Amino acid sequence: MHHFQYVGGKLMCEGVSVESLARKHGTPLYIYSQNTLADHFGRLDSALTELDHTICFAMKANSNLAVIRTLANLGSGFDIVSAGELKRVIAAGGDPAKCIFAGVGKTEEEIEYALQQGIYSFNVESEPELVRINRVAARLKKIAPIAVRVNPNIDAHTHAKITTGTYENKFGIAFEQVEGVYARASKLKNLRLRGIQMHIGSQLTQVKPYELAVKKVLPLVQKLASKYSFEFFSVGGGLGVVYDPALESGSPAWWKTAKAKNILTPSSYAEKLVPLLKPLGLKILLEPGRFITANAGILVTRVEYVKRTGKKNFVIVDAAMNDLIRPAFYDSYHEIVPLTKKGGAKISSDVVGPICESGDIFCKNRPLPKVGEGDYLALLSAGAYGFVMASNYNARGFAAEILVNGKNAAVIRARQPVEEIWASEKIPQWLK
């Protein structure tokens, strides 16, 4: 569920008119609902109450300090993939001791920084990484907590660019090799074998792939946990969200039918996994990102032109692929709605941005209400992998970000002045 709904024909974020924010702060504009963040975190947390568990938010989905602080205040840990993300957690008031460090390319400097900050565990992706962590820990006279990431070779049948759990992917260590890796790791004196981890992909909308992966990995976890006195088993993240229909899925009535539609929810997730995981007697970690933030955010854009050709109706807006790259990069669907509800016949439209790329498209041939110059549109479900993947392509400044809580709204990132883009660049003396 989320807190973006039409009230009196106007799109609202909680108790605030989205159009009022767009007029005050300009566009493109990211808007997040704090109560939606809390609702999604709370539903997942409550569903797992039978387990000793920690939710480690995958902050690659959305790393704004206000979002991180919101989740830290709710008791969240964090799944990080760089030293920069760990520094963001600390800047936002999060606890490094509740952070797990993932990623295939950790540098020595990143490992050293993470050890100095006292993170909970490294999720290790290769044997050379084990050797490197041990070497850095020895130099610092520390013991590094680690968990090997198991690649269970389970195809989650998601998008090719976000599948992580098969042997075709760069992530993790092959299931058949893991036992030997732990045996060798146990001989490295500056490592603590704290747990084991798996992750099979992103945007999973059914429970079955999780169930298959856990059932496959469970005997291995039991064997290794007994041998090496593990504290935890991390089942990874990847819980998917509803992108279509995003607006409708905000209502309680829609979610009452979700189970019948075989859509993953916190309750259906827990129903299948808790009975498998509880007998382990281990702390269970999970690393959701998109599930917490995607439907908690929107991107608001202004219509600049409507261009009609012989075959096409182009709605040209001021947001672009540099603001939200998912449709161009993944062919992702984002529901697009006007801020003022419109009746009448819909027109097959392409919503496109101003960047000089044919791929700068938010949708193609989609039936949309008739709009004109100066109207506002909202791209829904933009709270995950939206702003965090933004760029300055075409010398476009970053959009502003707003957080709404009830009837209150605050700027949590000011719009970037365009001059700031090149502020750190220098022209060498011989060109002057």
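Here are the numbers for the structure shown:
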read-out: The stretch 295-422: C-alpha gyration tensor shape, a/c 1.5 cut-off, then a/b vs b/c; value: oblate
read-out: Neighbour-count ranking [beta-carbon atoms within 10 angstrom, fewest first] of Cys56, Cys356, Cys363, Cys13; value: Cys356, Cys363, Cys56, Cys13
read-out: Spacing of the two label points (7 Å from each Cα toward its C-beta) at Glu211 and Gln416, in nm; value: 4.4 nm
read-out: Cβ-based charge dipole, the chain, positive-most Cα from Ala102, Val67, Val411; value: Ala102
read-out: Listed residue (Ala400, Ser186, Ala91) projecting farthest to the positive dipole end of the chain, Cβ model; value: Ser186
read-out: The stretch 34-291 - charge dipole about Cα centre, Lys and Arg +1 at Cβ, Asp and Glu -1, debye rounded to 20; value: 560 debye
read-out: Range in the chain, longest, excluding exposed chymotrypsin sites (Phe, Trp or Tyr not before Pro) [loop by DSSP; at most 16 other beta-carbon atoms within 10 Å]; value: 1-166
read-out: Hz values of 3J(HN,Hα) by residue in the stretch 378-390 - Karplus curve (6.51, -1.76, 1.60), Gly and Pro given as x; value: 10, 8, 7, 6, 9, x, 10, 6, x, 4, 4, 9, 6
read-out: 222 nm mean residue ellipticity, helices alone, for the chain (DSSP H n ≥ 4; -39,500 (n - 2.57); rounded to 500); value: -8000 deg cm²/dmol
read-out: DSSP bridge orientation in the stretch 34-291 - percent antiparallel, rounded to nearest 5; value: 5 percent
read-out: Summed side-chain charge close to Gly84 - residues other than Gly84 whose Cβ falls under 13 Å, Lys, Arg +1, Asp, Glu -1; value: +1
read-out: Pairwise label distance in nanometres, Glu109 with Tyr305, each label 7 Å out on the Cα-Cβ vector; value: 4.4 nm
read-out: Estimated distance in nm for a label pair at Ala183 and Ile90, the labels positioned 7 Å out from Cα along Cα-to-Cβ; value: 3.9 nm
read-out: Inter-part distance where the stretch 264-316 and the stretch 10-88 are each reduced to a Cα centre, Å; value: 12 Å
read-out: Full-extension gain in nm, Leu65 to Lys407, via 0.36 nm per residue minus C-alpha separation; value: 121.1 nm
read-out: Ranked Lys216, Lys346, Lys98, Lys407, criterion: other C-beta atoms within 10 Å, fewest first; value: Lys407, Lys346, Lys216, Lys98
read-out: Cα lying deepest toward the dipole's positive end in the chain, options Tyr243, Leu220, Pro209, charges on Cβ; value: Leu220
read-out: Fewest-first ranking of Ile80, Ile427, using other Cβ atoms within 10 Å as the exposure measure; value: Ile427, Ile80
read-out: Rg(Cα)/(2.2 N^0.38 Å) for the chain, N = residue count; value: 1.04
read-out: Check: the chain dipole with +1 on Lys, Arg Cβ and -1 on Asp, Glu Cβ, in debye; value: 220 debye
read-out: Antiparallel DSSP beta bridges within the chain, percent to nearest 5; value: 50 percent
read-out: Members of Lys60/Lys342; Lys311/Lys370; Lys106/Lys216; Lys341/Lys364; Lys98/Lys278; Lys216/Lys278 lying beyond 24 Å, as alpha-carbon distances in this model show; value: Lys60/Lys342; Lys106/Lys216
read-out: Summed residue charge, Cβ within 15 Å of Asn295's Cβ, Lys/Arg positive, Asp/Glu negative; value: -2
read-out: The stretch 383-429, dipole about Cα centre (Lys/Arg Cβ +1, Asp/Glu Cβ -1), debye to the nearest 20; value: 160 debye
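A short reminder: the numbers here are calculations on the coordinates, not readings from a lab. Predicted model only: the values in this text are computed from it and were never measured. Neighbour counts run over all protein chains shown; Cβ positions are idealised from the backbone, glycine included.
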